[in-house]
Every structure is written in C-alpha cells, then in structure tokens.
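K.L.:
Got a structure for you, written out below as structure tokens; questions coming shortly.
Each reported figure results from applying straightforward, stated rules to the coordinates on display, with no laboratory input. Values in this document were obtained by computation on a predicted structure and should not be read as measured data. Neighbour counts are summed over all protein chains in view; Cβ atoms, including those assigned to glycine, are modelled from backbone coordinates with ideal geometry.
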Amino acid sequence: MAGSRMKLELSRVLQGGGRLGVLRGLGRTGQHSLELPGCLLYTHFGTVPHLTQDTLHTLSSLPSVTQVTLSNVAEHQEVLEDFTDGFGKFAGLHDTVLYCSLHDPATVCPAGYTTNKTVSVWGSGGRIELTAAKFMALQKTIRPDWYQSMADGETWQVNTSRKRVRKSVDRTLAHLDECLLLHEKSQELEGVSVFGVVEGGDILEERVRSARETAKRPVAGFCLDGLQTGSVDQPLRTRLIAAATKELPEDKPRLLQGVGRPDEVLLSVEAGADIFEGFFPFQVTERGCALCFDYDISPDPERAVLDPDEEKAEKAGDSPQNGDTPRADQTQMTSFEMDLKDKRYQDDFRPLVEGCGCYCCKTHQRAYLHHLLVTNELLAGVLLMIHNVAHYQGFFRALRGALATDKLDVLKRRVLSDAGGRTERKE
Amino acid sequence: MQCGDDTTTSENSMSLKKTLSVASPLTLRIVAECPVTKARACELVLPHGAVNTPVFMPVGTQGTMKGITVDQLDALGCRICLGNTYHLGMRPGPDLIEKARGLHGFMNWKRNLLTDSGGFQMVSLVELSEVTEEGVKFKSPYDGKEILLSPEKSISIQNSLGSDIMMQLDDVVSSTVTGPRVEEAMHRSIRWLDRCIAANKNPDKQNLFAIIQGGLNAELRKACLDEMTRRDVPGFAIGGLSGGEEKDDFWRMVTLSTDHLPREKPRYLMGVGYAVDLVVCVALGCDMFDCVFPTRTARFGSALVPWGSLQVKQKQYAKDLQPIDPDCQCPTCKRHSRAYLHALFKSDTAAMHHITIHNISYQLTLMRSVRQSIVDGRFPDFIRTFMKRLFPSRDQYPSWAVDALASVNVTLE
C-alpha cells in the first residue's frame, strides 16, 4: 500500500452503494480522521480563499484534511526546497492533514497539453510541464500526507473520441506505475498515501477498465476524474460512478473530483463516492452569493413550514432551478444560494440564514453584506466564505446523519425536489 | 452659536472642564505631559468607551476595514476608527443606516467611530463641485443628480450615522493654494461651524469637532484659532494640511495650532499617518491622527516596519523565511514568513488581509509605545531611538523633522 496508514472503517453500506464511515490513520502520526461522506478544505496555496487563520478558526468544525493543488505550488518549488520542512509548515498549517491534488477543481485548465510523458499545470506564471520525475520531486518537497497520482483527465470536452478516452486511461495507468515506482524508492514519502486516478470519460467500458486496472496497483484510494460538473449529466455520472466503484475494493476510499453541487453530491454519494473537494462554497462566494438551501431533516415540531409567499418571492429571483442543465457554466448561480447583490436584501436586517451559528450570521445582516457587495468591499468575500464553508460543512454533517438514520430519502427530497426550499423561516 | 456663547468666557480650566463634562459626551483626562516637548498622554472617554491617546485611527471608508472583521480590528486593540460620510451618505444612505441603529449597528462595531464631514471627498473626488455660502454643490457620481452638501445636511447625515465624533463641514482649499480664497475659506469655515453646532440633534450623544483652517498663513490660522476656540466644541481638528504642502510649512502650522488650542480638549491632526509625522506631531502636541495610507499601502504589498517599509511582492523576499518583522506580535508575523506571503500574493486576496492586519498593528503598537514613553517620562529618548531605527544615518533625517523636534527642545544627535 506504498506504506500508507490510511484505514477505512465503514459503518454502513446502502444497497445502492452509499457508504458511511470514517477514514482513519491520517497524517504523519496517524492521529487524524475524516468522516465519510466528507469534504476537504479547499485552499489557494494553503489558504482558504479570503481567510486568515483568525477568520478561518471562527469555524467550529473544520475538515481535518486540507487540499492544496500542484497548479498553485509547482512554481514555488525552489523556496520549498530551501525550506525543507514541507508545504504544510511553510504555509503555517500546523495541525491538518495535507492532500495534494494535480489541478484546481474550481478552475478549468486548457486541454491539449498532456503527452505520454507529461502533464501540465497552470500557475500564476503560466504553464508548467511535469514529467513523472518532476512530479515526484515536487511531492518530495511538498511532503503531503496524501496525494493524487499524475493523470490525463482531458476527456471532459464534448465529443471526446473513444480513442482519446482510451488513451487517457492508458496514459494515466502508465503515469501511476511510474509514480509508484519513484514513490517506493523515496524515503521522504514513506507513510504517504497515493490515490490512483480512475479515468474513462463518459464511456462505461473504459471506466470499468480504468477502475479494474487501477485497483490492481498498491494505492491507498481512488480519485474519480473526468466526471466534473459540466462534463457529464448526473444520470450518466451516477451510472459511471456505480460501474467504476463496483470494480474498486470496498475498503478503500473514493474521491470524486470536480463535483460540489449539493444535488450532485447526494446522488454521487448514493452511487458510491466518499470524498469531495470543498470548492463549491468558494464558487458561490465569488459570485456574491450565500448558501441557504435547507438540509435540516430533524423532526423538529418547532420547525415552521416555509411561508409560501415568501418562498415564491425568493424563488422568483433565481434563474436556474435544480435540474438546470448540468453542462451549464460553473460560474452560474444555482438554486442552493441567494444572490445578496439583489436589491431586495438592501434593507433586510436578518442574518443570511436564520439559526446559522457561523461568525457571519451571528455578527452581520443581509443588508450589510449587500452593501459590502455593491461597494466591492473585500470583507464581502471574507464573510461569505465563512458562511458558505459553514453551511456546506453542515450539509455534509446532515448527509452523514441521514445515512446513519436511514433518512437519505428524506434529505434527498428536501435538497432535490424541494429545490429552492429555503431556510427562510417566519420569525 | 447658542451653546457656543455661554461658556466661551470661562478661561478657568477647572470650570471649563466641569462645563464640558456636563455639556458634551466626552471627557479628556490628561494622564501625563512630557516635560520637554508638547506631547501628552490622555484618556479620552467617548460614548463607546475609553481611548488612550495619542491614537492612530484606521480608516474604514465604507463601513468596513478593508477585509478585516470587526473582531480582528478589536483584537488589534483599535478603540476608534473612521467612516466616511460622503461614501456612506451615498451608499447605503443615511436612512438605511439609521434603520440599522446607526453605523455602529450597521457594521456591528462596538467601539468608537469618527465620521468626517464629507466635504473633503467632495472636493477631492468629485470634479463638478461648486462651493457657495450655502454649501458644496456636486453631481452624484451614481445618478448625476445635483446634490447640495450644506453644513446642516452634513450634520444630519452624521447624526444618522451616530458617530461618537462628528466633524464640522469646512471649506476645504488645497494647502498649496494662496491668496484671498484661503481667507474666504477660513471665514466661511467659522460660519459653517456655527451652523453645524446649531444643526446637531444629538449634542448629548455625539461630539462635534471644529476644524481649524487658514492654509499655510500663520495670521489666518491664528485668526481662525481665536474665533473657533471661543465656541464650546468638545474638540478641535487641525485641517487643511497634509495636502502636498512643504513639510516646513506643515509643521509650523501644526505647532502654531497646538500653541493656541485649549489644553483640556483633544487635538486631532487630520490625514496624518506616516510614522515620522506621527511621532513629530505628537511632540508638537497632537492627540489624534487618521490616514488611509497604512491600509491602502498594505493592499499593494507594502508592510510597515520600524526601519521603513518592506515590499513583500518584491523578488528578494521570495525565499526569505523570516516574518515581516521578527519583533512584531501581530497574528501575521506570528504565523507567516515573508516568503509565504510573497507567494500567497499570487494566489489569493488573503495576502492583502495579512499585510493590512500587520500594518494596523504596526500603527497602533507605535502609538502605544509613544504613549508609554510619555507616561514614563522618556519620550525624548524614545524619539531619538525611533529616528535611529528608521533612518540608516543621521544625515538622512528629514530636515523638517529635525527642525520641528528642535522647536520642542529635542535635539537629535
């Protein structure tokens, strides 16, 4: 297992494939764990977008795993080599598990630059081409606890040919073998977990082949690539995940890349995905929106029924509803959020989400956020990011709760068909 | 005028103090006075708590401190910050802020706030402005509508904002302008002060400060001081400076003003925030300062340090693993290296927040050290050490600072 201490304890597996469990043995000393289904802490170069450690730590339950991407880090290899203590310490991250992925899930990177020997990442200074040797040298300087192997995931474009998809599977397996070989020779990477990458585009047989072949390698878990929002629709994604995970050993975790919308997360969990990248709250923040979808399924009699008039009014302003086209631009607003730039919030002195315990909701009101957004103030991003991360974490908690209590259907109804169902409650 | 006239004759400081503590929501307790310079350490008690002076007040123009939360600002020890009446009057507007229980409620800031009159921005930001006896006329940059900012209007907005200290509307002329326009502006500012005093709806909750004008002309300044100090306002600002004038003129106008301002009332030097200027002007007797410089320069990656500034984005820091200032206790310096911040500037806006926090911390820490040295009776020594650290050699000391300090008996070796 390339020396990985990672250990998956499943407490529940649904018939369809949904899994509840804990991923243990994370970190150098193995003392960290991640509850599944779970999501990672999304960062730009180790920093949660807009947040300093002070603002970040207003959040009470942060994911134990921080994601950093090679596209951010690659151009800083030199200083990291000088530093020698790894990226985590360099970034001032002292008590978190570090996971290193290849690309930034919130950024589309140009296709056409992957070769048989290399992959490319885009940093602030442009493209950096990585051979397996360079890729592994980077991992040695970053010293993550866990990383994604090199992969050719350029199958997301419409009309990618079967030949190209097959090539991506073959290349990714070749990359993996090369990475594993270098990994095993490296003392620095002892105890570090490697995730193999399952490709295969939207072709079922290729997905199955990729999964089957990757599962033969000594990897700690699997990344499911090429299924990101915009590349396939959810019914197809569900089928492809289900088909691929059937080929994967049950005792290893599966990380679904590039999927963050709550509806897609729910359906992908049902299909067998365990881990998600936490970039969705960031995308919502960047468009000046706040997550407000309802995921509360507790049988609380106090929980008032939504005021129908208000709900209508709320929904009127949202263009796309749940079920909007899956290939839609990821910068488009979804029905899980409210647009605080909208004039109707100008004199709305309620918190973003009634009952939310995050710093933003406890301290500020919609009217203030509206003001910060229309005046382009930096604090808008800070406060929205705090709220959106908190709300998204709450959703994952609710998801685990629903799996534990056999209420996934209730949660699905609330989040999916109750689309646009707001947490707005009558005061 | 009505509340100005009945107390102006009281020359006796004791009775004046008494009158003030009853009449205005401000008390100034002089904790220590430097036996050498004109510096003083005071405790200024305002409706939202006590402020130790000398104090630097960071500027939160639109009801927010540039990416910093109110809790972060509070944790840095900030007890008073600024909001800009012009910006807030435009967006979100006084009515909305009043509904939000004032600017304090709107931004949820529990400490003190000072608001300017809006006049300065009008003259500096808005091209189409015309000053008449009525007020400042300008076209709204948002809808092109013609708006008149009169003294009454300025105070009405500031009453809605609910700031602890409001500034009178003054007739601002660039400090480089000379001639009759300066005199006209000075006299008009006095008339507008009286209109502002009369317009203040909350004299029991909100302090109105007068602004001394008179350009760089000592006689006009003196005339303005004579007139304005006859009014019973809770505090005074020294205005019309920090606008590109010669530093030699600047410090002479400052020291002239403090010479004639009453000892019992706070003195606020507007628009001053460079470290040297702060230290020198404290020596000249000023208590309060504000400036956008520390927070603005932070967003360009310029970190303030005891030896000047450090441009984090410059290549030379790409591999520098030290904190910005190894002696600094701010959250940024305690956690992050120059190299990390350098790299972060390429990835996320949080890099700016880190420097903003550091720079506010630098300003507030500087003023705390200044104050402590005054209390300990060693301010002249503090100045000498401060200057030595800031400038590599004696011949790089700015001559205006040397002269200004010499005028208050501090010689720099």
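K.L.:
Which of the cysteines in chain A are isolated, no other cysteine C-beta under 4.7 Å?
P.N.:
Within chain A, the cysteines lacking a partner Cβ under 4.7 Å are A:CYS39, A:CYS100, A:CYS109, A:CYS179, A:CYS223, A:CYS289, A:CYS292, A:CYS358, A:CYS360.
K.L.:
While we're here: Normalised by the residues of chain B, what does the relative contact order come to in percent, with Cα pairs under 8 Å and at least six apart?
P.N.:
18
K.L.:
Which order results if A:SER298, A:SER186 are arranged by neighbouring Cβ count within 10 Å, fewest first?
P.N.:
Ranked by crowding around the Cβ, least crowded first: A:SER298, A:SER186.
K.L.:
Measure nothing fancy, just the Cα-based angle from helix A:162-185's long axis to the longest principal axis of chain A, in degrees from 0 to 90, nearest 10.
P.N.:
The angle comes out at about 70 degrees.
K.L.:
Taking 20 °C and 1.002 mPa s as the conditions, I'd like the Stokes-Einstein D for segment A:7-278 in µm²/s, using the Kirkwood hydrodynamic radius from alpha carbon pairs.
P.N.:
D = 116 µm²/s.
K.L.:
Sequence neighbours fewer than 8 away in the same chain don't count; with that in mind, list the lysines whose C-alpha is under 18 Å from A:LYS412.
P.N.:
none
K.L.:
Now for a separate question. Please identify, among B:GLU130, B:GLU98, B:GLU43, the residue showing maximal mean-square fluctuation in a Gaussian network model of chain B using a 10 angstrom Cα cutoff.
P.N.:
Between B:GLU130, B:GLU98, B:GLU43, it is B:GLU130 that shows the largest mean-square fluctuation.
K.L.:
Please compute, for peptide A:44-51, the average count of beta-carbon atoms on other protein chains lying within 10 Å of each residue's beta-carbon.
P.N.:
If you average over the peptide's residues, the count of other-chain Cβ atoms is 6.
K.L.:
In whole Å, what is the distance between the alpha-carbon centres of segment A:103-170 and segment A:331-360?
P.N.:
First find each Cα centre; the distance between them is then 36 Å.
K.L.:
Can you give the helix-only mean residue ellipticity at 222 nm for chain B, where every DSSP H stretch with n ≥ 4 adds -39500 (n - 2.57) and the sum goes over all residues, rounded to the nearest 500 deg cm²/dmol?
P.N.:
Mean residue ellipticity at 222 nm (helix-derived): -12500 deg cm²/dmol.
K.L.:
What does the charge count near B:ALA406 come to, summing +1 for each Lys or Arg and -1 for each Asp or Glu among other residues with Cβ under 15 Å from its Cβ?
P.N.:
Combined, the nearby Lys, Arg, Asp and Glu give +2.
K.L.:
Could you give the longest part of chain B that holds none of the chymotrypsin sites (Phe, Trp or Tyr not before Pro) found in DSSP loops with at most 12 neighbouring Cβ atoms within 10 Å?
P.N.:
B:143-299
K.L.:
Using the alpha carbon gyration tensor of segment B:298-407, what are the three equivalent-ellipsoid semi-axes (square root of 5 times each eigenvalue), largest first, in whole Å?
P.N.:
For segment B:298-407, the semi-axes come out at 30, 16, 11 Å.
K.L.:
Oh, and also: Specify whether the C-alpha gyration tensor of segment A:28-156 places it in the rounded, prolate or oblate class, a ≥ b ≥ c being the square roots of the eigenvalues: rounded for a/c under 1.5, otherwise prolate if a/b is larger than b/c and oblate if not.
P.N.:
It comes out prolate by the Cα gyration axes.
K.L.:
List every residue whose amide H lies under 5 Å from the amide H of B:LEU149, counting only residues 5 or more places away in sequence or on a different chain, with H placed 1.01 Å from N in the peptide plane.
P.N.:
It is B:VAL136, B:LYS137, B:PHE138, by chain and number.
K.L.:
Just the Cα atoms of segment B:196-288, one point each, no solvent: what log10 I(q)/I(0) does Debye give at q = 0.26 Å⁻¹?
P.N.:
The Debye formula, applied to the Cα set alone, gives -1.42.
K.L.:
Where a Cα-Cα gap under 27 Å defines reach, which lysines qualify for A:LYS7, not counting those fewer than 8 residues away within the same chain?
P.N.:
A:LYS89, A:LYS140, A:LYS185, A:LYS216, A:LYS246, A:LYS252, A:LYS407
K.L.:
Take every DSSP beta bridge with both residues inside chain A and express the antiparallel ones as a percent of the total, to the nearest 5.
P.N.:
Just about 45 percent of them are antiparallel.
K.L.:
Still on this structure, please answer the following. If I take the Cα coordinates of the protein assembly as shown and project them onto the principal axes, what are the three extents in Å, biggest first?
P.N.:
Sorted largest first, the three principal extents are 95, 66, 43 Å.
K.L.:
Roughly how far apart, in whole Å, are the Cα centres of segment A:1-54 and segment B:89-127?
P.N.:
Measuring centre to centre over Cα atoms gives 46 Å.
K.L.:
Using the 10 angstrom Cβ neighbour count as an exposure proxy, how do B:HIS342, A:HIS50 rank, fewest first?
P.N.:
The most exposed by this proxy come first: B:HIS342, A:HIS50.
K.L.:
Oh, and also: Helix-only estimate, please: 222 nm mean residue ellipticity of chain A, summing -39500 (n - 2.57) across DSSP H runs of length 4 or more and dividing by its residues, to the nearest 500.
P.N.:
Computed ellipticity for chain A at 222 nm equals -10500 deg cm²/dmol.
K.L.:
Here's another thing I want to ask about it. If the limit is 22 Å between Cα atoms, which of B:LYS110/B:LYS139; B:LYS99/B:LYS205; A:LYS341/A:LYS362; A:LYS134/B:LYS319 go over it?
P.N.:
Over 22 Å Cα-Cα: B:LYS110/B:LYS139.
K.L.:
Listing A:LEU98, A:LEU80, B:LEU96 from the residue with the fewest other Cβ atoms within 10 Å to the one with the most, what is the order?
P.N.:
Going from sparsest to densest Cβ surroundings: B:LEU96, A:LEU80, A:LEU98.
K.L.:
Need one number: % antiparallel among DSSP beta bridges in segment B:218-315, to the nearest 5.
P.N.:
Close to 45 percent.
K.L.:
In a shell of Cβ-Cβ distance under 10 Å around A:ALA220, excluding A:ALA220 itself, what net charge do Lys and Arg (+1) and Asp and Glu (-1) give?
P.N.:
Once positives and negatives cancel, what remains is +3.
K.L.:
Still on this structure: Calculate, for A:HIS57 and A:LYS343, the FRET efficiency according to 1/(1 + (r/R0)^6) with r their C-beta to C-beta distance and R0 30 Å; round to the nearest 0.05.
P.N.:
0.30
K.L.:
Share of Cα-Cα pairs in segment B:36-290 beyond 32 Å, in percent?
P.N.:
Within segment B:36-290, distances greater than 32 Å cover 16 percent of Cα pairs.
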